[in-house]
Amino acid sequence: MAHDFQAGPRPPRQKVDVSALGLKCAQCQTPITELPFQPDPNRDVYCDNCNRARRQSFGPRDYSR
Ligand SMILES: [Zn+2]
């Protein structure tokens, strides 16, 4: 059966190689070589660390609504 259905860690999303764009994390200036989404030039991008920290600071209660 499909043993990975809603169980365990999420499967890794397809990453977009953005190393050619020379992007840097807007917060810590870490060079970003790949993103889980297409980069938007009008938006800041963040590294994994900062993304996680930002997401947590937004509030972990996404499900209570
Ligand atoms: Zn960062």
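For the reader, a short list of remarks on this structure follows.
- Separation of the N51 and K24 label points, Cα + 7 Å toward Cβ, nm: 2.0
- Computed over segment 16-59, the P(r) tail beyond 15 angstrom holds 37 percent of alpha carbon pairs.
Any read-out appearing in this document is the output of simple, stated calculations on the displayed coordinates, not a laboratory observation. The structure presented is a predicted model; accordingly, all values stated were derived computationally and were not measured. Note: ideal-geometry Cβ built from the backbone for every residue, glycine included; neighbour counts use all protein chains shown.
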